[in-house]
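The values are calculated or read from the model by the stated rules, or taken from the named source; none is laboratory data. As the structure is a computational prediction, the values presented were derived from the model and not from experiment. Ideal geometry is used to build each Cβ from the backbone, glycine not excepted, and the neighbour counts take in all protein chains shown.
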Amino acid sequence: MLTRGQFQCGFSKYAEDMMQAAKECASTVSDKERKELLAYGMQLFDKNEAAKGHDKICNELLSDFPTILAR
C-alpha cells in the first residue's frame, strides 16, 4: 500500500530502511505469494482512495507514516 501511495501521491521520500526491510521480507516468501501481497497492497490503496478520495488517502498516509513517507 505504501509503495502504491508513493507513486500515486507523488511522495519524494520513501525511507531506505523500509525499502530494505521490504526486500528482506519479500525474500522469505515465494514469487507467487510476493505477487499476491503486492496486488493486495495496491488494491487496498485503490479501495481507500475510491472511498475517501485521492487527497485524503495521501494525507492520511503522510500522517500515519511520517518517518517513511514525505513530499
Worksheet item: If you go through region 6-54 one residue at a time, how many are hydroxyl-bearing (Ser, Thr, Tyr) and assigned to a helix (DSSP H, G or I)?
Response: 1
Worksheet item: If you scan region 15-57, which residues turn out to be closer than 11 Å to residue 4 by Cβ and in contact with a helix residue (DSSP H, G or I) (Cβ under 7 Å, 6 or more places away or on another chain)?
Response: 41, 42, 45, 48, 49, 57
Worksheet item: Among 24, 16, 33, which is the only one that is charged (D, E, K, R) and modelled with pLDDT under 90?
Response: 16
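Considering 23, 35, which residue is of a type outside the set (Asp, Glu), surrounded by 11 or more Cβ atoms within 10 Å (Cβ to Cβ) and without any contact (Cβ under 8 Å) to a residue 12 or more places away in the chain? I'd like the intermediate steps shown before the answer.
Working: 23 fails: surrounded by 11 or more Cβ atoms within 10 Å (Cβ to Cβ).
From the options 23, 35, the qualifying one is 35.
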